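One structure is given here, and the rest of the page talks about it.
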Amino acid sequence: MVNQKYLSLDIGTGWYGIIADLDQKLCKLFPEYEILQVKEKFGELCIHVEFGEHPDIVILKIAYDLIHFAEYLAQNTCQDCGVTKLSNNVSAELDETVSLKEIDGWKTRLCDTCFKRKITELYDEKNNIVISANSKSMLRRIEIMKGLESENEIILLEHSNKFLRSFHSLEKCVGNFCTIHNRSSHHMRSFPQNWREDRQIMERVCSHGVGHPDPDEIDLNVKGRGVHGCDGCCTK
């Protein structure tokens, strides 16, 4: 039974279904049990309950197994919209992008869609092109941006936690490979993308931390654009 006096549902609505299902199951084991607190901490679901005095040890173990399972479900469920990456959870929409993410220094459990939506609430005052989800010094919270034009689209860089405000529309690169709209199957596709504001060029960062020009960069053949400190990873 949820204790209305002490209950604190300090979680996203995407986890409400997990708590409701857990509550029904625990009520069958301990009809008078109380949920004292439900909260999210560092992207994890934390549940505090009270089963009363001298509970049956065997039933108590079953109850805590249910709680731990609910916490496991939350680890694989977007706390905002409720999609899950667990294929055996038929009660929720499947989305394999659910993971622990960081926004403005706060860890949170989100799918990529909700992560992108929240990131649009954060950008630097000078409208820098690259928006980092980890740099609190670069970001400030503002009201949600609405009616974004195609040329100001917010795009998640591949294998990265950074977003790019695209500086060209899809029409401008149609028919060509592009680091944003039409990536080819080059050998560096598994490397994280990184936008070099100083050089106005997209890079792929190898495992050694070296930035190599993205092969899909439209103007890569322009003299000097491909020059970089190389460790050989871009030639493999």
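The values are calculated or read from the model by the stated rules, or taken from the named source; none is laboratory data. All figures in this text were calculated on a predicted structure; none of them were measured in a lab. Because the Cβ atoms are built from the backbone with ideal geometry, glycine has one as well, and the counts that use them run over all protein chains shown.
For the reader, a short list of remarks on this structure follows.
- Scanning segment 7-36 for residues that are closer than 22 Å to PRO55 by Cβ and without any contact (Cβ under 8 Å) to a residue 24 or more places away in the chain yields ASP23, GLN24, LYS28.
- Of all residues making up segment 197-216, the number that are in contact with a Gly (Cβ under 7 Å, 6 or more places away or on another chain) and not aliphatic (A, V, I, L, M): 2
Yes/no per residue for (1) loosely packed, with under 14 Cβ neighbours inside 10 Å; (2) modelled with pLDDT under 85:
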{"residue": "ARG165", "(1), (2)": "no, yes"}
{"residue": "CYS178", "(1), (2)": "no, no"}
{"residue": "ARG189", "(1), (2)": "no, no"}
{"residue": "GLY209", "(1), (2)": "yes, no"}
{"residue": "PRO213", "(1), (2)": "no, no"}
{"residue": "GLY226", "(1), (2)": "no, yes"}
{"residue": "GLY229", "(1), (2)": "yes, yes"}
{"residue": "CYS233", "(1), (2)": "no, no"}
